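Participant: Supplied in structure tokens, the structure appears directly below.
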Amino acid sequence: MITAPAFIDLHVHLREPGQTHKGDIAHETRAAVAGGFGTIVAMPNTTPAIDTPERFLAVQKLLKEKAACHVIQSACMTKHRAGLEPTDVLALKKAGVTVLSDDGSTTQDDGVMKEVAARAAEAGLLLVDHCEDMSCTRQGEIRLVERDIRIAQETGVRIHLQHLSTREAVALLADARKDGLRVSGEATPHHLALTKAALKTWGTNAKMAPPLREEADRQALIQAVVSGVITAIATDHAPHSMAEKAKSFDQAPNGILGLESAFAVCNKILVYSGEMTLLELINRFTTGPAEILGIPLPKKMVAIVPEGERILDEPEYSIAKNCPWKGFAGWGHVCRRDELSDSITKIVIQD
């Protein structure tokens, strides 16, 4: 058993306010704690969307009352997440916002995106973008990654590319980082572990955005995480109700759960496989996202058993159960309180 700083997740959906039939702050932050996370970044695609200082501050009050871990609440890049008009970035910063994102509905207007980026650069805020158009095709992802990298170069904004899924996008990120641009990227456990073949088994519970892709894309993501081109693993934890996921494939919403399973899945795919060391994996859950956010590591520690097969079940703490992990043979696990013992080795995290 070892201890390390509690993990940081750059991409979580808490669903509150307005979508509590899917999940809520109390349940999803408890799921985060169970998965070893001490800090999470919550997306602003609530109902209503968090696009004004007043809405941001209202959610801050809810988080203070209900959250089981530290939550960094992001706010919208554009009004109503409609992609047509930038939000009042300076007012949002004054209210305490540090991260801007429209999550799954990024603006398709390059001019609007450049204006948002310029405002974010002026305010010193992190811009976090879901690089995907309505087609959900690989070409759509590639086009928007190219756009965001170009805008980062033109405006000097810090921009983080959410849940990359294609080998072409990985190559673009590698070139941008080599050129010294302020661009970072993340990979999800599901894009590291699964391909589109999982749809045959799990149907809508393996439907997500961006979609699962080819084995060559999965391998490119693994190598990007191993090499440090991608410095953070983020879950994109997205609870949905059983009724919503029971709809036809075209009608069912995108998204799966990931907080409680993230370590066991990634430890199996990246460490047990011999691709990287345990220390390197923990860095992708800690120092990598901390550097992207510009925050110190959490003082809270998490205990981990790094060895041993762990057959995953449905998530215990989330309200929702939409995931393809039941029966997945993970490796190692984050400890429950009743598993803690005196035989704990503290792991040293690299700067």
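Participant: Could you sort the peptides 115-126, 48-59 by per-residue average Cβ neighbour count (10 Å cutoff), highest mean leading?
Facilitator: 115-126, 48-59
Participant: At q = 0.08, 0.13 Å⁻¹, work out log10 I(q)/I(0) for the chain with the Debye formula, treating every Cα as an identical point scatterer and leaving solvent out; two decimals please.
Facilitator: Debye curve over Cα of the chain, log10 I(q)/I(0) at q = 0.08, 0.13 Å⁻¹: -0.34, -0.96.
Participant: Test of understanding: extend the Cα→C-beta vector of T3 to 7 Å, then name every residue of segment 280-308 with backbone N under 15 Å from that spot.
Facilitator: Label zone hits: 298-305.
Participant: Could you put W202, W331, W325 in order, starting from the residue whose Cβ has the fewest other Cβ atoms within 10 Å?
Facilitator: By the 10 Å Cβ count, ascending: W202, W331, W325.
Participant: Between L84 and K196, what is 0.36 nm times their sequence separation minus the Cα-Cα distance? Round to one decimal in nm.
Facilitator: Full-extension gain reported as 37.1 nm.
Participant: Over the Cα atoms of segment 141-293, how large are the radius of gyration and the largest Cα-Cα distance (Dmax), in Å?
Facilitator: When restricted to the Cα atoms of segment 141-293, Rg and Dmax are 15.7, 47 Å.
Participant: Something else about it: Mind sorting D133, D148, D217, D9 by how few other Cβ atoms lie within 10 Å of their own Cβ, fewest first?
Facilitator: So the ranking, lowest neighbour count to highest, is D133, D217, D148, D9.
Participant: Among T188, T277, T166, which one shows the highest mean-square fluctuation when the chain is modelled as a Gaussian network with alpha-carbon springs under 10 Å?
Facilitator: Evaluated over the chain, the most mobile residue of the options is T277.
Participant: Next question, about the same structure. I want to make sure I understand the PRE zone here: with the label point 7 angstrom from the Cα of D313 toward its beta carbon, which residues in segment 31-70 have backbone N atoms less than 17 Å away?
Facilitator: Residues 31, 34-35 fall inside that zone.
Participant: In the Gaussian network model of the chain, springs joining C-alpha atoms below 10 Å, which of H191, H70, H13 carries the largest mean-square fluctuation?
Facilitator: Greatest mean-square fluctuation among the candidates belongs to H70.
Participant: Okay, next question. Specify the residue with the greatest mean-square fluctuation among T155, T39, T78, computed from a Gaussian network of the chain linking alpha-carbon atoms under 10 Å apart.
Facilitator: T155
Participant: Here is a follow-up. May I ask for the net charge around A193, where only other residues with Cβ less than 11 Å from the Cβ of A193 are counted and Lys, Arg are +1 while Asp, Glu are -1?
Facilitator: Every neighbour counted, the sum reads +2.
Participant: Okay, next question. Please order S261, S135 by the number of other Cβ within 10 Å, starting at the fewest.
Facilitator: Fewest-to-most Cβ neighbours within 10 Å comes out as S135, S261.
Participant: For segment 107-126 and segment 12-51, what is the separation of their C-alpha centers, rounded to whole Å?
Facilitator: 25
Participant: Calculated from DSSP H runs of 4 or more alone, at -39500 (n - 2.57) each and per residue, what is the 222 nm mean residue ellipticity of the chain, nearest 500?
Facilitator: Taken over the chain, the calculation gives -10000 deg cm²/dmol.
Participant: Where Lys and Arg each count +1 and Asp and Glu each count -1, what net charge lies around A206 among other residues with Cβ under 10 Å from its Cβ?
Facilitator: In short, +3.
Participant: If you take the C-alpha gyration tensor of segment 1-104, multiply each eigenvalue by 5 and take the square root, what semi-axes do you get, largest first, in whole Å?
Facilitator: So the three semi-axes of segment 1-104 are 25, 14, 12 Å.
Participant: Given the Cα-Cα distance of E291 and Q223 and 0.36 nm per residue of separation, how much length would full extension add, in nm?
Facilitator: 22.5 nm is the gain from fully extending E291 to Q223.
Participant: If you don't mind, another one. If Lys and Arg each add +1 and Asp and Glu each add -1, what is the summed charge of the other residues whose beta carbon sits under 11 Å from the beta carbon of R15?
Facilitator: After counting each charged neighbour, the total is -2.
Participant: In addition: Among C266, V157, I311, pick out the residue whose Cα is farthest towards the positive end of the charge dipole of segment 2-346, where Lys and Arg carry +1 and Asp and Glu carry -1 on C-beta, about the Cα centre.
Facilitator: Value computed over the given set: I311.
Coordinate-derived values only; no laboratory data. Note that the structure is a prediction, hence the values are computed from the model and not measured. Backbone-built Cβ (ideal geometry, glycine too); neighbour counts: all protein chains shown.
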